[in-house]
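The values are calculated or read from the model by the stated rules, or taken from the named source; none is laboratory data. Just so it is clear, the model here is predicted, and its values are computed rather than measured. Every residue, glycine as well, gets a Cβ built from its backbone with ideal geometry; the counts of neighbours run over all protein chains shown. When the accessible area is computed, the model is the full protein with side chains, heavy atoms only, and any ligands, DNA or RNA have been set aside. Shrake-Rupley method; radii C 1.70, N 1.55, O 1.52, S 1.80 Å.
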Amino acid sequence: MSSQLFSGIAVLSCVVLFLILLLRRFRQPYFTAYIIAGVLLGPKLLNVIHDPAVAVELGEIGIVLLMFSIGAEIDLHHLGRNFYKPFAIVLVQILMSFLCMYALGVYLDWSASRIMLMSFIISLSSSAIVFQYLEKSGEIRSSLGIITCGVLLMQDILVVPMILALNFISGSNASFFELIKVCAGGILILLFLRAAIKKKILKIPMRREIIADHDLQVFIGFCICFGMAWVSSWFGLSPAFGAFAAGIVIGQDKATRWLEKSLIPLRVFFMAFFFLAIGLQLDLHFFAANAGTIIIVAVSVLLISSLINSLLFRLTGSSWRDSIYAGGLLSQIGEFSFVLLTLAASLGLVEDYIYQITLAVITSTMLLSSIWLTIIRRLIYTLPPVVKS
């Protein structure tokens with residue numbers, strides 16, 4: 001057993017390293033290498049990794065650590081003053097997504113449940129991809145970065161009612177107690193964040209001793225990050241949302257910035273598993289047989305999503321240049337769409353063909369997002385494109 005584990009990790013590491021070095025020559029982001037590695041090492045090809053579910057669970061840890069790190073970088077005062085902008089953008093995004101899917105669903109004779117599911121899926125962007133782009137380009141604290149992060153945060157919050165809606169339409173109704181827990185949890189965390197805006201509500205003792213002790217830094221970071229993630233999960237909310245809130249509180253005190261930095265290597269490692277899990281579940285033979293349809297749909301999603309988001313950012317006061325750039329950033333379908341699709345499959349809301357075609361489109365928009373964003377940046381900026389993610 002241990003021999004298989006070590007050989008699997010060794011092969012995985014070598015394949016990912018080779019792909020990263022290869023794709024860097026073509027100025028492609030790292031998550032592309034992780035997805036391709038998942039496809040190559042999955043049960044459909046080399047069969048090095050037999051159980052995608054393990055990679056999915058490890059990937060969820062990466063999402064939690066990423067949201068914690070991003071929360072530590074957010075200027076909460078600025079976000080609080082401009083809260084209405086991302087909130088309005090997300091509401092209109094969901095409405096426009098529903099109208100588009102309703103028109104398509106009527107034409108293709110889809111069921112109401114499928115129309116709703118697809119509306120949810122295309123309305124969500126990838127926090128993991130966008131946050132990393134903003135971090136690498138140094139734009140995460142810019143006005144555009146703050147609003148874009150706010151949009152992603154609102155989307156992540158709305159994943160919870162989306163999950164409840166899918167359970168409801170499948171006949172697996174959530175209990176009244178569960179609904180109360182979700183509402184109470186959301187209110188408590190928002191009050192927690194409100195208190196963080198007004199004053200520092202967390203002061204870690206023994207700062208001098210901790211700064212000099214890396215082991216303590218890591219486990220204090222774990223306690224705060226995963227503690228809040230667990231609280232959020234217990235209330236029925238996304239664990240990533242709780243980790244984001246914890247990161248915001250940490251970020252209010254400059255003396256605690258070492259917590260976020262101590263977790264960077266772990267974040268990189270586990271985030272790789274998230275994208276790896278997407279590649280593991282992609283059926284390459286199915287993709288090849290339906291490549292034309294998948295690429296057309298994926299490119300259409302990127303174009304339409306870019307257009308809608310650009311117009312919404314423009315209507316909320318951003319310049320045309322920033323609006324078009326933000327539209328490109330938010331154009332891909334996100335990781336929580338993957339979560340919703342998996343849930344819908346388990347609830348029997350989608351058959352295997354729709355599951356595979358949707359998974360392939362989600363993956364394709366992620367892989368094409370770096371090329372699409374590079375095109376947009378070259379059109380609207382004179383700056384070189386982002387080369388890492």
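How long are the three semi-axes of the equivalent ellipsoid of region 94-178, in whole Å, if each is the root of 5 times an eigenvalue of the C-alpha gyration tensor, listed from largest down?
Each semi-axis is the square root of five times an eigenvalue, giving 30, 18, 9 Å.
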Share of region 269-311's accessible area from carbon and sulfur, percent, 1.4 Å? 82 percent
Viscosity 0.890 mPa s, temperature 25 °C, Stokes-Einstein D of region 230-379 from Kirkwood C-alpha radius, µm²/s: 137 µm²/s
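Once you compute Rg and the Kirkwood Rh from C-alpha atoms, what is the Rg to Rh ratio for region 1-51?
Computed over Cα atoms, the ratio is 1.03.
Determine, for each peptide in 368-375, 341-348, the mean count of other beta carbons within 10 angstrom over its residues, then list the peptides with the highest first.
368-375, 341-348
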